[in-house]
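J.: Take a look at the following structure, please.
The values are calculated or read from the model by the stated rules, or taken from the named source; none is laboratory data. The model shown is predicted, which means the values in this text are computed figures rather than measured ones. Every residue, glycine among them, receives a Cβ derived from its backbone with ideal geometry; neighbour counts consider all protein chains shown.
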Amino acid sequence: MTAVIKNRVKKILITVLIALAVLITVIAFFVNRYWSPILAGKVRSTILVASDSLYTADFTDADLHIVQGKLVIFNLTLKPNIKVYNRKLKQGTAPNNLYTLKVKRIVFKHIHPFLMYYDHKLEIGQIVISKPTLQVHYRQVRGRDTVEKNQITAWQRISPMLKSVHIKQVMLNDVDFTYNDRSGNTLKISAIKEVNLTGNELRIDSLTQHDSTRFYYFKELQIELNNINQPLGRDSLYRLKLKQLNYSTLTSKLLATGVGIVPAVDSAFIKKGVRTYYQFDTDTLQLNDFSLKKFNKFRIVYGSNLLLNRGNFVVFANRGLPVPKGNRLQSFPNVALQRIPNSFTLDTVELRNINITYKGYGRRSRKQGSVSFNGTSGSIYNITNNARANAARDTMRIEVTTRLMDSAPLHANIKFNLTDSAKSYSYKGWIGNIDLDRLNKATMPFALIKITSGWLDHMDFDIQANKNVSWGKVALHYHDLKVHLLKVDSAAGNYKHRMLVSLMANALIVKRNNPEFLGAVPRSVNVRYVREPDTPFFKAVMKTLAQGIKASVGYDAATEKHVKQMIVQRKLDKKRRQNKRELRQRRRNLRRRKGN
């Protein structure tokens, strides 16, 4: 009897559970059919009202799972209304950025439809958007915020329908991102894949409507870019490579790894007539206090500290191409900085272990030479083209330590005036001891001079300069200096030692030591270099220092002038002797013909 009662109870329980399940399923089905268009309509109307009719949201279908608290919208398109945009453009209230979003499936998780229906609060736990297509159209129609104090906020627009909007997280995964920049004369299009965006704590209510710390009402926006390989510039002569980039609006810190700017092949630059190009890479790039909001709206770049950690910067010079005509003043750092079209400010740039190399071919030797500055570390202060910042501080300052040719310690302090019309600058520093034959990688191809012996004890330089002239003092302390003068064998292409000329140079011109003997006063040289308009900045610096170095070893301006006169005279004498030989040969040939 007891077993029969137990079986009946089990059957009743199973029947009740099945009935409840069927009832819940039926109720959920009808609720889903009823609530899906209501929630979807709320999403559509909220976007329309919050954007002041600038954006519309369209989709083909919406599916609500009431038990799971999930809403799925299919084939969503969020796009701007061009008529509304043009009206705002005339009113001066149009934004600089327009967005277009297309996604096949968007999932709203942990939604609370009854809270929205009865309390007029839109609460969503998470929105997941996978593989969307996002287009951003940028056109700078205003250079500053023109939002008036009495302008209606997004919350004020939606408040008749909703008391608040709260979304804990919005995730856009694997975004196909296209950026259309119309700020210049031509349209620039950048396409990036593998973009992940995560927005945390979106809240639109009476408390957050004026919260300037939020980015589009998000407490935090996280951006992740992976495996970037994009062309740079109008001619695409360079490519930007990034292994990964991360940015958070909450910390305002941008961190990039595996950063590189890679030039095209040499022939591309030759075809364009570009004499100088570069290559850059760094393991880590970190920018602190970078405001994405200011950059996104007005292209304002600001950072308190930029760190470049472990990298290489290589400059390639093709001296075989014609020298560009005109004044090359734009090569001066303090001029180039002011030519940046948008506001740009970096309080400090920290360099840590950066190898800097100059490579080029000697004009006469046609062989490649190089000068390297290894393990460069230091700081650059006040890099800005902002007029207000320049009024407060008008000097950009550089302090660096490095190793010349991976050997001699070098320390330099460089200053640039950012405001004066003379484009003034100065550089002061010293170079420590080095075996001078380490410099042959540069002196042989560029100057056809081989240093066979010599030791630099130290070199001091202190130069003042502007766009027209450089002046200052150079002191070179060294001993046991000997050189070979070279020429290139036109047939074999090898260096050949000009023995007689080298002997004369070492005996009559080159001063072997400075100071000349123990206890003597070391020589120092006052230099003055007048810059030609077509001389770029770094060439002006090198010519100024070279003037002091040459004078220190005995090849001063007077000696150089005398040697050049001797060379010219020697060429004239050689031509005269050749003409005499040809004349004698013609006379002999004439006598032979008469004898025959």
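J.: Residue by residue through the range 248-297, note down the ones that are at pLDDT below 85 and among the basic types (Lys, Arg).
T.: Of everything in the range 248-297, those that are at pLDDT below 85 and among the basic types (Lys, Arg) turn out to be LYS271, LYS272, ARG275, LYS297.
J.: Oh, and also: Could you tell me whether THR443 is in a helix (DSSP H, G or I) and hydroxyl-bearing (Ser, Thr, Tyr)?
T.: The answer is yes for THR443.
J.: Output the residues belonging to the range 281-297 that are more than 29 Å from HIS137 (Cα to Cα) and in contact with a Gly (Cβ under 7 Å, 6 or more places away or on another chain).
T.: Hits for the range 281-297 are ASP281, THR282, ASP283.
J.: What tally of residues in the range 399-422 results from selecting those that are out of contact with any strand residue (DSSP E or B) (no Cβ under 7 Å at 6 or more places or on another chain) and touching a residue at least 24 places away in the same chain (Cβ under 8 Å)?
T.: Adding up the residues that qualify gives 3.
J.: Any residue at all in the range 540-562 that's over 30 Å from SER424 (Cβ atoms), loosely packed, with under 14 Cβ neighbours inside 10 Å and without any contact (Cβ under 8 Å) to a residue 24 or more places away in the chain?
T.: So far as the range 540-562 goes, yes, one or more of its residues are over 30 Å from SER424 (Cβ atoms), loosely packed, with under 14 Cβ neighbours inside 10 Å and without any contact (Cβ under 8 Å) to a residue 24 or more places away in the chain.
J.: Give me the helices (runs of 4 or more DSSP H) completely within the range 253-356, filtered to those with at least 2 residues that are under 28 Å from PRO536 (Cα atoms), ordered by residue number.
T.: Passing ranges, in order: 266-272, 333-338.
J.: State whether the residues of the range 514-528 include one that is assigned by TED's automatic domain parsing to the domain that holds ALA336 and either part of a helix (DSSP H, G or I) or under 33 Å from the mean Cα position of the chain (by Cα) (or both).
T.: no
J.: Same structure again: Restricting attention to strands (runs of 3 or more DSSP E) lying wholly within the range 18-82, give those where 1 or more residues are modelled with pLDDT under 80.
T.: Ranges flagged: 61-65.
J.: Moving to a separate point now. Please list, ordered by first then second residue, the pairs with beta carbon atoms under 7 Å, 6 or more apart or interchain, first in the range 296-316 and within 18 Å of TYR247 (Cβ to Cβ), second part of a strand (DSSP E or B) and of a type in the set (Phe, Trp, Tyr).
T.: Listed pairs, sorted by first residue: VAL301/PHE344.
J.: Just to be sure I understand the filter: pairs with C-beta atoms under 7 Å, separated by 6 or more residues or on different chains, first member in the range 506-531 and among the polar types (S, T, N, Q), second member part of a loop (DSSP other than H, G, I, E, B). Which pairs pass?
T.: Every condition considered, the pairs that remain are ASN514/PRO522; ASN514/ARG523.
J.: For the range 131-159, which positions are modelled with pLDDT under 80 and of a type in the set (A, V, I, L, M)?
T.: VAL141, VAL147, ILE152, ALA154, ILE158
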